[in-house]
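Enquirer: First the structure, then my questions, so here it is.
The values are calculated or read from the model by the stated rules, or taken from the named source; none is laboratory data. Only a predicted model underlies this, so the values are computations on that prediction, with no experimental measurement involved. Please note: Cβ atoms are built from the backbone with ideal geometry, for glycine as well, and neighbour counts cover all protein chains shown.
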Amino acid sequence: MSTIGVGIIGCGGFALQNHLPGLELCADTRLVGLCDNSAEVLEKAVQQTGATVHTTDYNELVQRDDIHAVIIATPNFTHAPMAIAAMQNGKHVLCEKPLGMDQAETLDLLRCARENDVRHMTAFTYRFVPAMRYMKHLVDTGGIGQPFHIRTCRLQDWGDRNIGWRQLKKMAGSGELGDMLSHRLDYAHFLIGDMKRITADTRRFIDDRQGLKSDLEDWVTVMAEFENNATGVLESSKLATGRGEGARSQDYCEINGSDASMVFQLENPNRFQIARKGQAGLETIDVPNEYLTWPGSTRDPSQGDPGIAFRWDQDFEFIDAIRNQRECEPSFLQGARVQTVMDLALKAAAEKAWFDIDYPEG
């Protein structure tokens, strides 16, 4: 195809902020249509984008011949039906995380993508952070020696405010686990490798969020042993009072190896700290230029908010994979792998036990 037509399902401000500039990086790519079940949200998005095709019924969008790919940014329980409808109509799909409500659903999505020979991508955005990519390079090339530990900490202050579908199990599947820790599980896979076994704990401290009952956790921790014998502790909370939210809240990752330790915080996505064996204290280093953008991306890393702009490379990767008929990174397989760990984490928290991980095959 000469021009790739894209539809967006779920048109909230965050979705448009992340995806519109990314699509603009892609040659011969055009936003064709929008879909949202809220007429008010849809109208606002139409005014912002100028899209001439708009509907509250996603089936209308995915059946259009001038739409070749869709981006799904909707509540978790809608991901599977929307993605399956799109793929059965031959559309390539970039879907928000968590990919599904449980492992079985994510495996169905992966099978459907393969059966229909479409490109498929899970929106694990943090793989595109320049510091993350360079840290992975150092781990993979022995730059820190044998990895011993990884620890991540995502602390936000959401207080007791009503957060809608995110606090309802029937719509979200899990709370802080799927909302924020899913990203950390993915980049633990990305940076360290497969987990061998895990245990977990969850807590719900607030049962009623401004008039709406909450039946999901607002804090979660996963402890992991990796196949390479490294250990991991991954924590996430919505109730870290005073810590703010979004890109400027606490988002921390540390890796300790036999030769060096690395410390990353999202507030500085283009740099991180490193302490080498025998060195007194941490040294801040800038990410080399070749890691500031995704391979092939035309994004100018000196432009825009660094805490936001790296996300645009995700859309470039999606469109480039379509154009070159190759698998996306990360694909639905990575979404299914994270969901496998999430399902076990909920079981581990309920039973206070450790469980071995049996990942789906590639």
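Enquirer: Limited to the stretch 232-277, what total is found for residues that are over 22 Å from the mean Cα position of the chain (by Cα) and of a type outside the set (Asp, Glu)? Working first, answer last.
Expert: Start the filter on the stretch 232-277 by keeping residues that are over 22 Å from the mean Cα position of the chain (by Cα), which leaves 241-242, 256-261, 273-277.
When the remaining residues are screened for being of a type outside the set (Asp, Glu), the result is 241-242, 256-258, 260-261, 273-277.
Going through the stretch 232-277 one residue at a time, the tally reaches 12.
Enquirer: What is the residue count in the stretch 1-52 for residues that are of a type in the set (D, E, K, R), loosely packed, with under 14 Cβ neighbours inside 10 Å and free of Cβ contacts under 8 Å to residues at least 24 places away in the same chain?
Expert: Of the residues in the stretch 1-52, 1 are of a type in the set (D, E, K, R), loosely packed, with under 14 Cβ neighbours inside 10 Å and free of Cβ contacts under 8 Å to residues at least 24 places away in the same chain.
Enquirer: Here is a further query. Could you tell me whether any residue of the stretch 162-173 is buried (at least 16 other Cβ atoms within 10 Å of the Cβ), assigned to a helix (DSSP H, G or I) and not hydrophobic (A, V, I, L, M, F, W, C)?
Expert: Within the stretch 162-173, the subset buried (at least 16 other Cβ atoms within 10 Å of the Cβ) is 163, 166-168, 172-173.
Checking which are assigned to a helix (DSSP H, G or I) leaves us with 166-167, 172.
Next cut, not hydrophobic (A, V, I, L, M, F, W, C) only: 166-167.
Checked the stretch 162-173: at least one residue is buried (at least 16 other Cβ atoms within 10 Å of the Cβ), assigned to a helix (DSSP H, G or I) and not hydrophobic (A, V, I, L, M, F, W, C).
Enquirer: Within the stretch 203-223, which residues are surrounded by 22 or more Cβ atoms within 10 Å (Cβ to Cβ) and part of a strand (DSSP E or B)?
Expert: Passing the criteria: Val220, Val222.
Enquirer: Hey, any hits in the stretch 75-84 for a residue that's in a loop (DSSP other than H, G, I, E, B), touching a residue at least 40 places away in the same chain (Cβ under 8 Å) and in the same structural domain as Ala15 (by TED's automatic domain parsing)?
Expert: yes
Conditions tested, residue by residue: (1) modelled with pLDDT of 95 or more; (2) surrounded by fewer than 20 Cβ atoms within 10 Å (Cβ to Cβ); (3) out of contact with any strand residue (DSSP E or B) (no Cβ under 9 Å at 6 or more places or on another chain).
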{"residue": "Asp66", "(1), (2), (3)": "yes, yes, no"}
{"residue": "Ile71", "(1), (2), (3)": "yes, no, no"}
{"residue": "Asn76", "(1), (2), (3)": "yes, no, yes"}
{"residue": "Met82", "(1), (2), (3)": "yes, no, no"}
{"residue": "Pro98", "(1), (2), (3)": "yes, no, no"}
{"residue": "Asp102", "(1), (2), (3)": "yes, yes, yes"}
{"residue": "Asp108", "(1), (2), (3)": "yes, yes, yes"}
{"residue": "Arg111", "(1), (2), (3)": "yes, yes, yes"}
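Enquirer: I would also like to ask the following. Give the residues of the stretch 13-45 that are closer than 22 Å to Ile319 by Cα, touching a strand residue (DSSP E or B) at 6+ places or on another chain (Cβ under 8 Å) and in a helix (DSSP H, G or I), sorted by residue number.
Expert: Within the stretch 13-45, Ala15, Leu16, His19, Leu20, Leu23, Ala45 meet the criteria.
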